[in-house]
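The values are calculated or read from the model by the stated rules, or taken from the named source; none is laboratory data. Source: prediction; values computed, not measured. A quick note on method: Cβ atoms are made from the backbone with ideal geometry, for glycine too, and the neighbour counts reach across all protein chains shown. These area figures cover heavy atoms from the full protein model, side chains too; ligands, DNA and RNA do not enter into them. Shrake-Rupley method; radii C 1.70, N 1.55, O 1.52, S 1.80 Å.
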Amino acid sequence: MIATLGDPARRFLEGEPFEPDDFQVEAIRAVERGASVVVTAPTGSGKTLIAEAAAAIALAAGKRTFYTTPIKALSNQKYHDLVGRYGEAGVGLLTGDNTINGEAPVVVMTTEVLRNMIYADSTALEGLGVVILDEVHYLQDPYRGSVWEEVIIHLPAGIQLVNLSATIANPEEFTDWIRARRGATKLVIEEHRPVPLESVYLLQDRHHGNAVEWFPVFSKDGLHPNKRVLNLLRKGRGRHRRFATPRRLEVSEALLGAGKLPAIYFIFSRAGCDQAARTVASAGLRLTSAGERRSIRSIADEATAHLDQIDLGVLGYDSWLTMLEAGVAAHHAGMVPAFKETVEQLFSLGHVKLVFATETLSLGINMPAKAVVLESFSKFNGETHELLRPGEFTQLTGRAGRRGMDEQGTAVILYSSYVPFQKVANVASMGSHPLTSSFEPSYNMAVNLVANYSKARAEELLRASFAQFRAQERVRRLEDRIAERTAEVARFLEAAQCEHGDIEAYADAPPGSGEGSDAIREFFAGLDSGDVLDLGDDERWLILARGYGKNPRYLLLSDRGERRKATPGELGALSKHLGRLALDEPIRSSDDGYLDAAATVLRMWVPDGTPRSIGEENLVGATVATCGDLDEHLGWLARSHRASKDLRRLERRRTRNDDDVVERFHARMAVLSELGYLKRWDLTEKGRRLRRVYGELDLLLTEAVESAILDGLSAAEFAAVVSMFTFEPRVSDGEPAMLVGAVAGRYEQIAGIWEIVSSAEGRRRLPESRTPEPGFAPYAYGWVSGAGLDDLFGEDGFAAGDFVRNCRQLLDLMRQIRDAFPSLAPVAATAISATDRGIVAVGGRA
């Protein structure tokens, strides 16, 4: 198939060690034709090959390539991968932390950097041929997902998109949207994993000496839950539970014994990862040879040579190295970059055999393993614990199975008494969940739309979002359902019509109305077993049994021995009550001998009173009640009522506009107008400055600057105050430190501005902007003042990685302030220089 490709793609593929798969060639051919592509394929199947081939095609045409990723760590890794292919001169890196060779033919960047370029109408977009959106499913991230949609919507026409993901359950819908926005777009789906994945269930059995036992999650057909596990778990219930979740050391020993190493062990807690690594290492489990330990020491020493010895002491370097030498490690966002990158390198080399990691490791970073362990099938989302979604399961287990090394990968799921096995199997079998939109117009987006487009064009672009596309699709489907229900109501009403009269009037007649139907019901309501009737056919009928409900059925026996069942309506308005006949108890309506005897008695029975009838005066409108098909008519009428109720519900949904992105945009515009950023469709000076402020609290920060809250501060005070707009405390961070002096006063002023902004948002039914957080301010103040890591954290290095990350975010915002507000440029520059030092400076290197 390679021979059918053009020269650039063919030359690129001929240099690869593997023959490309059909789906890769299909996608590359689409790129050659000038189309955008959406590629959804399992992790490890080779999606990156398509991206790099697209770059080769663009380079051959004299055009540039931007390779975007959702996280800086992935950008750094991709940068190094591409440098290996094109050399340092051919590749650039832009992450906010780093600017390396930004004019290179191929530039790796975070998605936010590209979004900012588009809004700034950067000259870097000139000559751009293709943009790769790696991990494009990040579009549904509730905090950052809008950025992906902004890029797709606003990227200049003619630039191709290569969209890559392993976890999209609705790729056709997503591709339809891309096609509507960008033109010709090819969807390429690959479901085959190059290394098959087996899902296994691990539990501890107290009846078998607490042995750790393995069971396949699925039956042999690979589709249904393993019945043996279902039956076993059912038997294990009771007061004394038979099964338990294996401990971390026991799972580690089981992995070693089963030949399932190297493995990634996912624990949704940083502290849990650290504790697990220490537990396994201190238990004496040694997974490395003497040669591997020497190599580990050498690599770790080289990777941390740039760090100060005092800082290494604070970071717990010696205990960390001891764990590495044992072949185990933790990996999470609380670690400094040098430690994380060393773990990644050692794992890729096969020196570290077991990594305890949070879910951040699942996002694209190249660390394939033989097995992946999920300690928990639920995780805390900040408010409550929720089950993993199918796409999250696929993302986490995607690392299991090394191409060219393993015959199959293994996903190990630990038993939990809180999550039924059936749910585990259901999630594991689904593979992915539908891609949804988290698009929400921000204040920065609003002012950039005003600056660049007419009102009509801005609204058109907003309606081009995936959020609105899905909303319009839902409206279209809703209209179809309304049309279907309307037709059903008409069809059901037609079927309900009775030739004897108005079926709806009959059904709606209230008790005591005098309608014939009511009279018939009242006549039969007092009748029961033993009553004898004349139905107007010159026969006597004996009631054997009476049913229940508003319209009961009666079991009757004629004097000729015939049996029948009928409702009051079917028995008719001409019925007469002749009297009562004493029946032998119990009444045996299925006993032929009993029925023959009852029929004989009925023939010989002589009424002892005057027959009672319904009476003609009560038969107004009663002809419907005499219809033999009354029950069927009433059934169709009931269906029409249910369909009408559903129709009203659908019509109410149609009148709601909860998903209207344009409405929410205009609500934000109203807030901006109230606060002086807009005059009709023109930006004020404040509005123009807001264009250059990117962040969750863009409006709040700009208001603070415009109110002179950042004026007259020292560099340390300035950094401390600005950190309030970037810092978001984790649940475990506890109470923020006390603020003093100017920083405390400025925090109170910022809180006052937040009240004004949130009040304006509340009046327009917008979600409130989050509150500024002062928790990092003391650390920022101390660091800019010259304090060392040991001064800030003492012997506790658990938060050092968070410290570096928060400082990098603070640096990014201070650079924005420097560039957007000239009056603050001097203090911002000083604060930037004082922040970007030591472990913070090296923490941002590529």
For the stretch 1-106, what is the charge dipole size about the Cα centre, in debye to the nearest 20, if Lys and Arg each add +1 at the Cβ and Asp and Glu each add -1 at the Cβ?
280
Length gained if residue 682 through residue 759 is fully extended, taking 0.36 nm per residue and subtracting the Cα-Cα distance, is 25.4 nm
In the stretch 132-209, what chymotrypsin sites (Phe, Trp or Tyr not before Pro) fall in a loop by DSSP, with at most 15 other Cβ atoms inside 10 Å?
143
Subtract the Cα-Cα distance of residue 460 and residue 389 from 0.36 nm times their separation in residues, and report this length gain in nm to one decimal.
22.2 nm
Within the chain, percent of DSSP bridges classed antiparallel, to nearest 5:
40
Can you give the charge dipole size of the chain about its Cα centre, rounded to the nearest 20 debye, using +1 on the beta carbon of Lys and Arg and -1 on the beta carbon of Asp and Glu?
1240
Note the listed values (i) 116, 75, 67; (ii) 117, 83, 52; (iii) 102, 70, 55, then indicate which one is Cα extents along the principal axes in Å calculated from this particular structure.
(i)
Can you tell me, using C-alpha contacts under 8 Å and at least 6 residues apart, the relative contact order of the stretch 154-239 as a whole percent?
14
Placing +1 at every Lys and Arg Cβ and -1 at every Asp and Glu Cβ, with all other atoms neutral, what dipole size does the stretch 107-257 have around its Cα centre, in debye to the nearest 20?
1380
As I understand it, the dipole of the chain uses +1 on the Cβ of Lys and Arg and -1 on the Cβ of Asp and Glu, about the Cα centre. Which of 83, 376, 475 lies farthest toward its positive end?
83
Net +/- balance of residues flanking residue 673 in space, Cβ distance below 12 Å, scoring K and R +1, D and E -1
+3
Per residue, how much accessible area does the chain show when a 1.4 Å probe rolls over the protein heavy atoms, in square angstrom?
45
Nearest 0.05, what FRET efficiency do residue 309 and residue 32 give at R0 = 60 Å with Cβ-Cβ as r?
0.65
For the chain, what's the relative contact order in percent, using C-alpha pairs closer than 8 Å and at least 6 residues apart?
11
Using a Förster radius of 25 Å, what is the FRET efficiency between residue 537 and residue 585 based on their Cβ-Cβ separation? Nearest 0.05, please.
0.30
Show me the ranking of peptides 597-604, 576-583 by mean Cβ neighbours inside 10 Å, starting with the highest.
576-583, 597-604
Filter the GluC sites (Glu not before Pro) in the stretch 171-228 down to the DSSP loop ones having no more than 16 other Cβ atoms within 10 Å, then list what survives.
191
With just the Cα atoms defining each centre, how far is the stretch 742-786 from the stretch 299-364? Give it in Å.
35
Net length gained if the chain between residue 770 and residue 565 were fully extended (0.36 nm per residue, minus Cα distance)
66.9 nm
Residue among 775, 356, 418 farthest towards the positive dipole end of the chain, charges placed on Cβ
356
Ranked packing of 738-745, 160-167, 404-411, 709-716, most packed first, by mean Cβ within 10 Å:
160-167, 709-716, 404-411, 738-745
Among 174, 155, 215 - extreme Cα towards positive end, dipole of the stretch 130-254, charges at beta-carbon
215
Relative packing of peptides 476-487, 264-275 - highest average C-beta neighbours within 10 Å first:
264-275, 476-487
Which of the pairs 72/455; 47/72; 260/379; 78/686; 227/370; 186/455 have their Cα atoms more than 29 Å apart in this structure?
72/455; 78/686; 186/455
Taking Cα pairs under 8 Å and at least six residues apart, what relative contact order does the stretch 342-478 come out at, in percent?
21
Which of the helices in the chain meet the span-like rule: DSSP H, Cα axial reach of 24 Å or more, Kyte-Doolittle mean at least -0.5?
741-763, 800-820
How large is the helix-only mean residue ellipticity at 222 nm for the chain, computed as the sum of -39500 (n - 2.57) over DSSP H runs with n ≥ 4, divided by its residue count, in deg cm²/dmol to the nearest 500?
-14000 deg cm²/dmol
Can you give me the % of accessible surface on the chain that is carbon or sulfur? Probe 1.4 Å, all protein chains present, nothing else counted.
49
What ratio of Cα Rg to 2.2 N^0.38 Å holds for the stretch 117-222?
1.67
Rounded to the nearest 0.05, FRET efficiency between residue 436 and residue 629 (Cβ-Cβ, R0 41 Å) equals 0.25
Note down the nm distance, to one decimal, between modelled labels 7 Å out along Cα→Cβ at residue 213 and at residue 290.
4.2
What does the net charge come to around residue 326 if you take all other residues with beta carbon closer than 11 Å to its beta carbon, with K and R at +1 and D and E at -1?
+2
